[in-house]
Amino acid sequence: MPLKSAWELALERTGGQSAAKLTDAQKAKLAELDKIYTAKIAQEELTLKPKIATAPDAETAQKLEDQLQTMLGRLRRKLEEEKEAVRNG
């Protein structure tokens, strides 16, 4: 039995109906959140990538890379949580 994608599962749960239409205010807030989090992600990358490139050894570089990936993941999760809150409320 093939695995279903998240999209296919969502369609099953909603009976094939798309989600409720967003208001103009919700769309504006979602766009604003995208802009804010894109800037935050860029800031983290600009801060840590030069440190990674100039790290004195591979171990330090790997720790900084792990730190960067953790921070980016955290920011992306927070963005999705905030977007979901806007969509639901």
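A compact table of results
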read-out	value
Which listed residue, of Thr54, Thr47, Thr38, is loosely packed, with under 11 Cβ neighbours inside 10 Å and β-branched (Val, Ile, Thr)	Thr54
Single condition Ala6 does not satisfy, out of (1) surrounded by 11 or more Cβ atoms within 10 Å (Cβ to Cβ); (2) aliphatic (A, V, I, L, M); (3) at pLDDT below 95	(1)
Test: Lys51 is within 14 Å of Glu82 (Cβ to Cβ), in contact with a helix residue (DSSP H, G or I) (Cβ under 8 Å, 6 or more places away or on another chain) and modelled with pLDDT of 95 or more	no
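The values are calculated or read from the model by the stated rules, or taken from the named source; none is laboratory data. What you see is a predicted model, and the numbers here were worked out from it, not measured in a lab. Note that each Cβ is placed from the backbone with ideal geometry, even for glycine, and that neighbours are counted across all protein chains shown.
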